[in-house]
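Peer 1: Input: one structure, supplied below.
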C-alpha cells in the first residue's frame, strides 16, 4: 500500500532546531512531542506503508501507549514487534517511550525456532506481529506472552486474527487518546536489540534512553539535518543503522522514506519522488545502485549526503557515486552496542588526493574515545600497532539482557567496551580495521556469528566437525563459507549442508559455499585455526574482513 503523498502545508522551519530539540528532551517521546507541536502537518513517514504526519504519529502513539497501560503493562515491561519495515513500528516505538516500556524489534528474517528463542528470552508482555509473518511465531512463543497479542497488516485494517490474537487497529481504536506521560528516562532501558552470539545464542543488547539521545545528538549533528531533510533508509528497522538514523530524521522534524520491500526500481522511484536529501546505504548497495542503467539519465541533485557503513568503499565506487549523486560522502563505523556510533570518515577524506584514507573507518565521533590494546597484556598499543579496538562514550551499552557473563566479558576492567575488532590508529587518530578477534562474518551489513551457523550444521547426522569462516564476496562484501568434516564412512555434498542449515536458521546466515575435508587445522591446544582456513581466500586483500 503506497503512503499518502497529499500536499501538506510547508513546515515552519523557524520553529525547530535539531540540537535544541534533542538537548531539551528528557525522553525519546519528547522528540516527537516537540516536532508534532511545531510542525504537526509535516510528513514524517512517506514511501511504503501508511503515510503519517508528525502530528498523526504523536496522536497514534499516545493512543497505543494508553492502550498498553490499560492492558496492565508496567514500567520496564517489554513489547516485542515482528514485522517488515512499517509505520506501525514508529507508532509502537514512541508509544513504548510514553508508557515507560521497552521495545524489542525482532528480525523478520529469522527462522521460527530463532524467533521462539528471542521471545522466550525477553519474555514480552505484548507482541505485535505483521500478518504475513504469523507463521514465524510458534505456539510456544505465543504462549510466553501474557498480555496483548496483536496482528496488523500493511494491506488492510482488518487482517485475519488467529484465536487468542486481536487486530491492532481495533486495539488502537478502543484506547484512550490521552498521552499517559509515563516516560522512560535517563538510565531506563528503552530498547533491546538482539544480535547473534559468539556461542550460537543471540544476546539482547540493552540501550538506555540517555544513550539513544546522546547518539542522536552527537551523530546527527554531523549531517546538517533539519525539518527539510528527507532520509532514504532502505535497511530494516531491526538493524541499528536504520532505526538510529530514522530517529535522527524524525527528531529533526524531517521525514523518512520507508521501504517494505527493497528493489533497485523502488529505490530510484522513491528517491526521485520524495526528493531525498540523505541516503543511507552499505557499499554493496551503492555499487549495485550506481551500476543500474536506470540511474544514468536521472537527476539526483536533491541528494546532499550519502552515508555508508559496514565496510570500506573503493576509490572507483566513490568516484562513480559522486558522479551519480553529486553528494558528500561519509563512512561510519559502530556496533549495536554503541547505537551504531563510533567513528566518522567525513567528506574531506573522500577525494582522490585522500583516497588512502578510504581504507580507514575514520576518526572518533565527537564525544567518543578510541583505544587500541594488546589482546594478551591489555597494554595500550603504539601508533600503527594492531590490537583490539576499545570504545568509550555516552552511547555505549550498559550490557546484555539477563546475561551477566557476556556483559562482564564485553568490558575491560576500566570500563572500556571491547569491540572484538582488531585494528590500529594512525598518528592523526584514524582507525584502520584489520581483522576480527570475535569470530564474526559481516555479509551485506548483517552480522553473522559462525558459532550459530556451526551449531545448525552440526545437527546434521553425517557431520563430524565444521568450521565457518567469512570469504570475500563481490556482491555482499563477504559471505559465510563452511568447511566440513564428515563422519567416518559417510559422504556429504555442498547441497546437503546448505539445505540442512536453511532448515534451521535464517537463510542469510547459511553458508553460500562448502568445502568437505578430511581434517581441520588446529593449534597444539586443539583450537581450529580459522586464520589458516581464511588465508587462501583473502590473499591479495588488504585485510581479512570486508
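Laboratory data are not the source of any read-out in this text; all were calculated from the coordinates shown. What you see is a predicted model; the values in this text were computed from it and never measured. Cβ atoms come from the backbone with ideal geometry, glycine included; neighbour counts cover every protein chain shown.
Peer 1: Quick check on the stretch 263-436: of the DSSP beta bridges with both residues there, what percent are antiparallel, nearest 5%? Numbers along the way, then the final one.
Peer 2: Values: 21 of 30 bridges.
Of the beta bridges lying entirely in the stretch 263-436, close to 70 percent run antiparallel.
Peer 1: Taking only the alpha carbons of the stretch 441-538, what extent do you get along each of the three principal axes, in Å, biggest first?
Peer 2: Projected onto its principal axes, the Cα set of the stretch 441-538 covers 38, 32, 19 Å.
Peer 1: Something else: With a ≥ b ≥ c taken as the square roots of the eigenvalues of the C-alpha gyration tensor of the stretch 242-363, please select rounded if a/c is under 1.5 and otherwise prolate if a/b is larger than b/c or oblate if it is not?
Peer 2: Because a/c hits 1.5 or more and a/b fails to exceed b/c, the stretch 242-363 counts as oblate.
Peer 1: So what is the 222 nm mean residue ellipticity for the chain from helices alone, if each DSSP H run of at least 4 adds -39500 (n - 2.57) and you divide by all residues, rounding to the nearest 500 deg cm²/dmol?
Peer 2: -8500 deg cm²/dmol
Peer 1: Using Cβ counts within 10 Å as a stand-in for footprinting exposure, how do 381, 510 rank, fewest first?
Peer 2: 381, 510
Peer 1: Right, something else. Using only the Cα atoms of the chain, what do you get for the radius of gyration and for Dmax, in Å?
Peer 2: Using the Cα atoms of the chain, the pair Rg, Dmax is 23.1, 75 Å.
Peer 1: Sorting check: for 78-85, 54-61, 350-357, which peptide has the highest mean count of neighbouring beta carbons within 10 Å, and how do the rest follow?
Peer 2: 78-85, 54-61, 350-357
Peer 1: Another question about this same structure. Obtain the radius of gyration and the Kirkwood radius of the stretch 263-436 from its C-alpha atoms and give Rg over Rh. Show your work: numbers first, answer last.
Peer 2: Details: Rg = 18.3 Å, Rh = 17.6 Å.
The Rg/Rh ratio comes out at 1.04.
Peer 1: I need 158, 534 ordered by Cβ neighbour count within 10 Å, fewest first.
Peer 2: Fewest-to-most ranking of 158, 534: 158, 534.
Peer 1: Still on this structure, please answer the following. Using only the alpha-carbon atoms of the stretch 364-414, report the extent along each of the three principal axes, biggest first, to the nearest angstrom.
Peer 2: For the stretch 364-414, the Cα spread along each principal axis is 37, 29, 15 Å.
Peer 1: Further question: When ranked by the protection proxy of mean other Cβ atoms within 10 Å per residue, highest first, what sequence do the peptides 241-253, 292-304, 36-48, 110-122 form?
Peer 2: 241-253, 36-48, 110-122, 292-304
Peer 1: Report, for the stretch 441-538, the % of DSSP beta bridges that are antiparallel, rounded to 5.
Peer 2: Counting DSSP beta bridges with both partners in the stretch 441-538, the antiparallel share is about 80 percent.
Peer 1: Rg/Rh for the stretch 176-308: what does it come to with C-alpha atoms and Rh from Kirkwood?
Peer 2: Rounded to two decimals, Rg/Rh equals 1.03.
Peer 1: OK, next. Send over the per residue convex hull volume for the stretch 17-210, Cα only, as a whole number of Å³.
Peer 2: 122
Peer 1: Evaluate Rg over Rh across the stretch 394-501, taking Cα atoms for both radii and Kirkwood's formula for Rh. Don't skip to the end; give the middle numbers.
Peer 2: Numbers: Rg = 17.9 Å, Rh = 16.6 Å.
Value, to two decimals: 1.07.
Peer 1: Right, another one. Which shape class applies to the stretch 112-158: rounded if a/c is under 1.5, otherwise prolate when a/b exceeds b/c and oblate if not, where a ≥ b ≥ c are the square roots of the Cα gyration tensor eigenvalues?
Peer 2: The shape class here is oblate.
Peer 1: Counting other beta carbons within 10 Å of each residue's own, what order do 285, 468 fall into, fewest first?
Peer 2: Least to most surrounded, the residues fall as 285, 468.
Peer 1: Rounded to the nearest 5, what % of the DSSP beta bridges within the chain are antiparallel ones? Before the final figure, lay out each step's value.
Peer 2: Working: 45 of 82 bridges.
Antiparallel bridges: around 55 percent, rounded to the nearest 5.
Peer 1: Can you list the equivalent-ellipsoid semi-axes of the stretch 187-250, largest first and in whole Å, using the square root of 5 times each Cα gyration tensor eigenvalue?
Peer 2: So the three semi-axes of the stretch 187-250 are 25, 15, 8 Å.
Peer 1: Using only the Cα atoms of the stretch 84-128, build the gyration tensor, take square roots of its eigenvalues as a ≥ b ≥ c, and label the shape rounded, prolate or oblate: rounded if a/c is under 1.5, else prolate if a/b is larger than b/c, else oblate.
Peer 2: Oblate, because a/c is 1.5 or more while a/b does not exceed b/c.
Peer 1: Highest first, please rank the peptides 401-413, 23-35 by the mean number of other Cβ atoms sitting within 10 Å of their residues.
Peer 2: 23-35, 401-413
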